[in-house]
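A short worksheet on the structure shown next.
The values are calculated or read from the model by the stated rules, or taken from the named source; none is laboratory data. All of these numbers come straight from a predicted model, not from anything done at the bench. Note that each Cβ is placed from the backbone with ideal geometry, even for glycine, and that neighbours are counted across all protein chains shown.
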Amino acid sequence: GQSLEQPSEVTAVEGAIVQINCTYQTSGFYGLSWYQQHDGGAPTFLSYNALDGLEETGRFSSFLSRSDSYGYLLLQELQMKDSASYFCAVYSGGYQKVTFGTGTKLQVIP
Amino acid sequence: EPEVTQTPSHQVTQMGQEVILRCVPISNHLYFYWYRQILGQKVEFLVSFYNNEISEKSEIFDDQFSVERPDGSNFTLKIRSTKLEDSAMYFCASSKDREGSYEQYFGPGTRLTVT
């Protein structure tokens, strides 16, 4: 089966940098994505890694190590609007099966 | 900007009743998905759909669930005989093509309450 582990909660100060980790166990791994979800809202795609290394998209970066079955999302220059839940998700079955992690609730404080 | 839409936003039904949740994916997308999220919990994959067939389904997607693309725009999830534990937010999502399937666009969700 598939399983993904994330910290349940993280608190960080506005303007700071925060890293959210994700470890996974899966078969037929294709890649790792990150989604943001505000309370009451729908998940929104942030980034994707298929290969080892760092992918950067503006203030957000995502890292993957396939050999360690590990990835992280890095948020820089935190803003209050970044307060949300962040889910990692792994793809298998040719991207047709998605398993989401348990989610990390990020609280940004002034 | 194109978006996935879902109706209704909130559905209340009695246990044992059938419900149909409706979704209109982004028009040029080829892959469609249903997920559910019980309040405060993680997003759970239910099923993926491509070329009028189910591509993958999870162990949650048992015989009481079915999906259909009845016309060129709608994508539906039917729950035949609802149970209390089916109460959740149901999200529809779509992606453009196989290579871009990692980037899924989610609709706003339908909150299903089974009483």
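The table that follows gives values for the structure above.
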read-out	value
Unique match (being within 25 Å of residue A:95 (Cβ to Cβ) and within 10 Å of the chain's Cα centre (by Cα)) among B:50, B:35	B:35
Residue tally, condition part of a loop (DSSP other than H, G, I, E, B) and more than 7 Å from every other protein chain (Cβ to nearest Cβ), over the stretch B:93-112	4
Verdict on residue B:55 being at pLDDT below 95, within 20 Å of residue B:101 (Cβ to Cβ) and within 12 Å of chain A (Cβ to nearest Cβ)	yes
Those strands (runs of 3 or more DSSP E) lying entirely in the stretch A:28-101 with at least 2 residues surrounded by 22 or more Cβ atoms within 10 Å (Cβ to Cβ) and aliphatic (A, V, I, L, M)	A:70-75, A:84-92
Search result, residues across the stretch A:25-39 that are facing chain B (nearest Cβ under 10 Å) and over 15 Å from residue A:106 (Cα atoms)	A:30, A:31, A:32, A:33
Every residue from the stretch A:47-98 that is within 12 Å of another protein chain (Cβ to nearest Cβ), farther than 12 Å from residue A:35 by Cα and of a type in the set (S, T, N, Q)	A:49, A:57, A:92, A:96
Residue B:8 being modelled with pLDDT of 95 or more and closer than 28 Å to residue B:115 by Cα	yes
Flag if residue A:108 is among the aliphatic types (A, V, I, L, M), touching a strand residue (DSSP E or B) at 6+ places or on another chain (Cβ under 9 Å) and more than 23 Å from residue B:48 (Cα to Cα)	yes
Among the residues listed as A:5, A:9, the single one being within 12 Å of chain B (Cβ to nearest Cβ) and either more than 24 Å from residue B:93 (Cα to Cα) or touching a residue at least 60 places away in the same chain (Cβ under 8 Å) (or both)	A:5
